[in-house]
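Below is one structure, written out as structure tokens, with a few remarks after it.
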Amino acid sequence: MSPRSASVNEELRRRSRERLLQATVDLVGERGYEATTLADIADRAGAARGLVSYYFPGKRQLLQSAVHRLMHRTLEAALEREPRTDDGRERLARAIDAILGLARDHPVLMRTHMAGILQAEGFVQCPEQQRLAELLRDTIVRSGSTDVDTDYPLLRALLMGAVVAVLLPGAPMPLPRLRAELFQRYGLDWELGAPPGGKPPDGSPDQR
């Protein structure tokens, strides 16, 4: 049997890494961070335990990469869903709704992720985080920004703050209220993106 080509080996490695990332999202979402071990993740992914250490230095780094992958894929799907559009304001609205939707749909996972970011390690620089950053940066460019180097990190910070506010134990902010505030900040009509239904919350800033 002839040895596998370099491209075949690369594809196999990519698939193994993808399975580990998906298994992490599934297990942490189901059990929480502390109750999920690296062995559990390897078992769910159908991979050898040593393969986890080969790709990731630890569980915290693995989780960040897994959540950044989920965020990237969710954001990409929202931006490219039908009807596809190049309208910058619509794309920005979709981006905001996609990130807020993750906080609503994956509260355990996103709360754990945000807690990890606030630790000393901060952001993990990984391919998944870079792809997410590229999508968000492109979104702010298409929305008409004239100062992307300022506006992109501001958008990222506002989205992170909104996610924390949705997930804050004991005092969560209602998602429609946060959406209304973000849409007002960027001059977006309530009907853009994927509105939650009904009118903007009473007392929210007027939408353009």
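In region 115-141, what residues are within 17 Å of residue 33 (Cα to Cα) and open to solvent by 70 Å² or more (accessible area, probe 1.4 Å)?
If the condition is that a residue be within 17 Å of residue 33 (Cα to Cα) and open to solvent by 70 Å² or more (accessible area, probe 1.4 Å), then 118, 119, 121 are the ones that fit.
Can you tell me which residue within region 99-109, out of those that are open to solvent by 10 Å² or more (accessible area, probe 1.4 Å) and part of a helix (DSSP H, G or I), is farthest from residue 159 (Cα to Cα)?
Narrowing region 99-109 to residues open to solvent by 10 Å² or more (accessible area, probe 1.4 Å): 104-108.
Next cut, part of a helix (DSSP H, G or I) only: 104-105, 107-108.
Working: 104: 13, 105: 16, 107: 15, 108: 17 Å.
In this case the residue turns out to be 108.
Just for region 55-93: of the residues that are part of a loop (DSSP other than H, G, I, E, B) and basic (Lys, Arg), which one is surrounded by the fewest Cβ atoms within 10 Å (Cβ to Cβ)?
Once the filter is applied, the top-ranked residue is 84.
When residues of region 16-54 are filtered for being part of a helix (DSSP H, G or I) and loosely packed, with under 11 Cβ neighbours inside 10 Å, how many remain?
Our first condition is that a residue be part of a helix (DSSP H, G or I); within region 16-54, this holds for 16-31, 38-45, 49-54.
Next, only the ones that are loosely packed, with under 11 Cβ neighbours inside 10 Å stay: 39, 50.
The qualifying residues number 2.
Starting from region 79-98, take each residue that is touching a residue at least 40 places away in the same chain (Cβ under 8 Å) and small (Gly, Ala, Ser) and list its partners that are open to solvent by less than 10 Å² (accessible area, probe 1.4 Å) and in a loop (DSSP other than H, G, I, E, B), counting only C-beta distances under 7 angstrom and pairs at least six apart or across chains.
Qualifying pairs under 7 Å: 93/188.
Among the residues of region 142-193, how many are of a type in the set (S, T, N, Q), open to solvent by 50 Å² or more (accessible area, probe 1.4 Å) and part of a loop (DSSP other than H, G, I, E, B)?
1
Scan (1) under 25 Å from residue 86 (Cβ atoms); (2) assigned to a loop (DSSP other than H, G, I, E, B) for the single condition residue 122 breaks and write down its number.
(1)
Tell me the residue from 128, 82 that is of a type in the set (D, E, K, R) and at pLDDT below 95, please. Steps first, answer last, please.
Values: 82 fails: at pLDDT below 95.
On inspection, the qualifying residue turns out to be 128.
What number goes with the only condition from (1) touching a helix residue (DSSP H, G or I) at 6+ places or on another chain (Cβ under 8 Å); (2) open to solvent by 60 Å² or more (accessible area, probe 1.4 Å) that residue 112 does not pass?
Residue 112 satisfies every listed condition except (2).
The values are calculated or read from the model by the stated rules, or taken from the named source; none is laboratory data. All of these numbers come straight from a predicted model, not from anything done at the bench. Heads up, the Cβs are rebuilt from the backbone with ideal geometry, glycines too, and the neighbour counts pull from every protein chain shown. What goes into the accessible areas is simple: the full protein's heavy atoms, side chains included, and nothing from ligands, DNA or RNA. Shrake-Rupley method; radii C 1.70, N 1.55, O 1.52, S 1.80 Å.
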